[in-house]
Structures are given as structure tokens and as C-alpha cells.
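Here is the structure we will look at, set down as C-alpha cells.
The values are calculated or read from the model by the stated rules, or taken from the named source; none is laboratory data. Remember, it's a predicted structure, so these values are computed and weren't measured experimentally. So basically every Cβ, Gly included, is an ideal-geometry build from the backbone, and we count neighbours across all protein chains shown. Ligands, DNA and RNA are stripped out before the accessible areas are found, and what is left, the full protein with its side chains, is counted by its heavy atoms. Shrake-Rupley method; radii C 1.70, N 1.55, O 1.52, S 1.80 Å.
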Amino acid sequence: MMFKQEPGRYYLNDESGKMIAEITYKYIGENIAATHTFVDPVLRGQGIAQKLVDEVVRLSRSEGKKIDPVCPYVKNLFEKDMQYSDVYLKR
């Protein structure tokens, strides 16, 4: 599975070009706001959403930025999993 990146988002398309998963992000000051937006219902439960979050985490670590999880999914993931503690901007 190969995620693609455009400014402000990581996404995954199927063979026909239809988007099947996406996470968006934007720079706000010294931080990155991340919002999980979509995973095709057929693919839910396969860890795709977490893999999308991990792409934004990789970006934030490479740039030395914190992530402000502006959606419940990303916030819950960050609160439950200590591997994200170095990038989690707690509010």
C-alpha cells in the first residue's frame, strides 16, 4: 500500500483512481493540525487510518513540529499510544 502526498494531505486511491482513504493537515504556527477525514467503509478495521496518521507523524518529526489532533480519531489515538507522545500537542 503506497500513500500519496499533496500539500496538505496524504491519501490512497484504488486502481480506478477513486480515493479510498485520506488525512489532511495544515500548518498553524509552529504546529501541524491533523484531521483524519476518510477511509472507505469496506477498508475499516484494517489499520489504514493509523497508517495515514503515521505519515503525518513522520512529517512532523522530520520538521521538529508538534501535532494538534483536531479530530476525535487522531486525539484518541495519541492519548492511547505512547509512541506519539513526542509529537502530541496536548490541549
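What number of residues within the stretch 20-55 satisfy the criterion of being exposed (fewer than 10 other Cβ atoms within 10 Å of the Cβ) and assigned to a loop (DSSP other than H, G, I, E, B)?
Taking the stretch 20-55 as the starting set, the residues that turn out to be exposed (fewer than 10 other Cβ atoms within 10 Å of the Cβ) are 29, 41-42, 45.
With the extra rule that they be assigned to a loop (DSSP other than H, G, I, E, B), the set shrinks to 29, 45.
Going through the stretch 20-55 one residue at a time, the tally reaches 2.
For beta carbons closer than 8 Å, sequence separation of 6+ or different chains, a first residue in the stretch 65-91 that is closer than 15 Å to residue 29 by Cα and a second that is acidic (Asp, Glu) and part of a loop (DSSP other than H, G, I, E, B), the qualifying pairs are 65/30; 66/30. Condition check for residue 62 on (1) at pLDDT below 95; (2) loosely packed, with under 12 Cβ neighbours inside 10 Å; (3) not hydrophobic (A, V, I, L, M, F, W, C): one failure, at (1). Only residues that are in a strand (DSSP E or B) and surrounded by fewer than 16 Cβ atoms within 10 Å (Cβ to Cβ): list them for the stretch 6-19, please. 6, 13, 19, listed by residue number. Just name the residue that is least open to solvent (accessible area, probe 1.4 Å) out of those in the stretch 70-91 that are within 16 Å of residue 8 (Cβ to Cβ) and not in a helix (DSSP H, G or I). So, considering only residues that are within 16 Å of residue 8 (Cβ to Cβ) and not in a helix (DSSP H, G or I), the one least open to solvent (accessible area, probe 1.4 Å) is 71. With respect to the conditions (1) surrounded by fewer than 18 Cβ atoms within 10 Å (Cβ to Cβ); (2) at pLDDT 95 or above; (3) in contact with a Phe, Trp or Tyr (Cβ under 8 Å, 6 or more places away or on another chain), residue 3 falls short on a single one, namely (2).
Within the stretch 27-58, being within 11 Å of the chain's Cα centre (by Cα) and farther than 16 Å from residue 73 by Cα holds for one residue alone: 58.
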